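Here's the structure, in structure tokens; my notes come after.
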Amino acid sequence: MPIGNGRLGAMVYGNVETETIQLNEHTLWSGGPNRNDNPEALESLPAIRKLIFDGKQKEAELLANKVIISKQSQGQMFEPAGELHLQFPGHERYSDYYRELDLDQAVTKTSYRVGGVRYTRTALASIPDRVIAIHLTADKPGMISFTVSFSSPQPQVKLLTSGTRLTFSGTTIDHEGVSGQIRYKGISEIKQMGGTRTSTDSSITFKHANSATIYISIATNFIDYKNINGDADKLAESYLAKAAGKSFDNIQKAHSSAYQKYFNRVKFDLGATQASKLPTDERLSEFRFGNDPQFAALYYQ
């Protein structure tokens, strides 16, 4: 399930035993400031225009490919920040599994039952607080036990655990002859209610908590396309400091209010049918066998 606030994004996989939160930050790109224009482009433009006006489109295309397209960098690559992993021991056998992406509130939820206990995970990418927040609860006290770890496809990423924090940092990759110059910093801070905490050099384990909230802040040194003198560490810390002192409920209320200011400007109503009462996976399965005009309208957009 995707969540995002225009700057931070995450894919929430919804797996029970090992949840995966795939993280993105919108300025996390390979390379750095560079010129990728072709110096022959301007002086060749009149010749390309003449070929087009003379009906010689193929010749114009061949010339444009030679003198307009960059000779080196064709563009840099957007890069993933990494993945936060939440491992829940003993949750291999579960029942009553349910998940949703609530477009009215801009939150995603995953819930299930293990041994008579209902577990719920709620995640959002806050617009006003500039963090991703994940809230873990159970309907019985002392039942939240999990381990937090991190992985990343980024080479030479530096990982550090300290107290209730798991941080990662590094510099993006080189691409097409342009050296990687985007420095990034990510901080995951976990606040628990009750229970105990232990850690290793790569993970933090929480046991028998009543609830827990994970605050994720990511920033880079990117200021604009020609200025990468920002302080990734300072920005990541400042975003986290403002958010981590707030409860998840307060963050969610402020987030939903800011989101709905824009989302509620438009209403899209396809009416109601019996099929609309089914979850999306069942509607997909039944779509080829029945008449579901609502789903057809969305499917063929």
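The values are calculated or read from the model by the stated rules, or taken from the named source; none is laboratory data. None of these values were measured; they are calculated from a predicted model. Because the Cβ atoms are built from the backbone with ideal geometry, glycine has one as well, and the counts that use them run over all protein chains shown.
Yes or no: Ile52 at negative phi, in a strand (DSSP E or B), aliphatic (A, V, I, L, M) and at pLDDT 95 or above? Spell out the reasoning first.
Values: at negative phi: yes; in a strand (DSSP E or B): no; aliphatic (A, V, I, L, M): yes; at pLDDT 95 or above: yes.
Taking the combined requirement at face value, the residue does not satisfy it.
Just one of (1) at pLDDT 95 or above; (2) assigned by TED's automatic domain parsing to the domain that holds Thr147 trips up Glu92, so point out which.
With respect to (1) at pLDDT 95 or above; (2) assigned by TED's automatic domain parsing to the domain that holds Thr147, Glu92 is out only on (1).
Does any residue of the range 257-269 turn out to be in the same structural domain as Thr137 (by TED's automatic domain parsing), assigned to a helix (DSSP H, G or I), under 24 Å from Ala123 (Cα atoms) and touching a Leu at 6+ places or on another chain (Cβ under 7 Å)?
Taking every residue of the range 257-269 in turn, none turns out to be in the same structural domain as Thr137 (by TED's automatic domain parsing), assigned to a helix (DSSP H, G or I), under 24 Å from Ala123 (Cα atoms) and touching a Leu at 6+ places or on another chain (Cβ under 7 Å).
Taking Ser111 as the residue in question, decide whether it is under 17 Å from Gly9 (Cβ atoms) and either in contact with a helix residue (DSSP H, G or I) (Cβ under 9 Å, 6 or more places away or on another chain) or without any contact (Cβ under 8 Å) to a residue 40 or more places away in the chain (or both). Walk me through it before giving the result.
Numbers: under 17 Å from Gly9 (Cβ atoms): no; either in contact with a helix residue (DSSP H, G or I) (Cβ under 9 Å, 6 or more places away or on another chain) or without any contact (Cβ under 8 Å) to a residue 40 or more places away in the chain (or both): yes.
So Ser111 fails the test.
Which one is surrounded by the most Cβ atoms within 10 Å (Cβ to Cβ), of the residues in the range 201-229 that are outside any strand (DSSP E or B) and out of contact with any Ser or Thr (no Cβ under 7 Å at 6 or more places or on another chain)?
Step one: list which residues in the range 201-229 are outside any strand (DSSP E or B), which gives 201-202, 210, 221-223, 225-226, 228-229.
From what is left, the residues that are out of contact with any Ser or Thr (no Cβ under 7 Å at 6 or more places or on another chain) are 210, 221, 223, 225-226, 228-229.
Values: Asn210: 16, Asn221: 21, Ile223: 11, Tyr225: 9, Lys226: 8, Ile228: 17, Asn229: 7.
Out of the qualifying residues, it is Asn221.
Of all residues in the range 99-120, which are touching a His at 6+ places or on another chain (Cβ under 7 Å) and either outside the structural domain of Ile21 (by TED's automatic domain parsing) or in a strand (DSSP E or B) (or both)? I'd like the intermediate steps shown before the answer.
As a first pass, look at the range 99-120 and keep what is touching a His at 6+ places or on another chain (Cβ under 7 Å): 106, 114.
Val114 - this is the single residue of the range 99-120 that is touching a His at 6+ places or on another chain (Cβ under 7 Å) and either outside the structural domain of Ile21 (by TED's automatic domain parsing) or in a strand (DSSP E or B) (or both).
Do we find that Glu40 is of a type in the set (Asp, Glu), under 31 Å from the mean Cα position of the chain (by Cα) and within 27 Å of Glu176 (Cα to Cα) in this structure?
no
A quick yes/no check of all residues on (1) crowded, with 18+ Cβ neighbours inside 10 Å; (2) touching a Ser or Thr at 6+ places or on another chain (Cβ under 9 Å):
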| site | (1), (2) |
| --- | --- |
| Pro80 | no, yes |
| Arg93 | no, no |
| Thr108 | yes, yes |
| Val117 | no, no |
| Pro128 | no, yes |
| Gly170 | yes, yes |
| Gly180 | yes, yes |
| Arg183 | yes, yes |
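Please go through the range 153-166 and pick out each residue that is within 17 Å of the chain's Cα centre (by Cα) and crowded, with 20+ Cβ neighbours inside 10 Å.
The first filter runs over the range 153-166 and keeps only residues within 17 Å of the chain's Cα centre (by Cα), leaving 153-154.
Scanning the range 153-166 gives a single hit, Gln154.
For the range 6-60, how many residues meet the condition of being over 30 Å from Asp174 (Cβ atoms), in contact with a strand residue (DSSP E or B) (Cβ under 8 Å, 6 or more places away or on another chain) and among the small types (Gly, Ala, Ser)?
1
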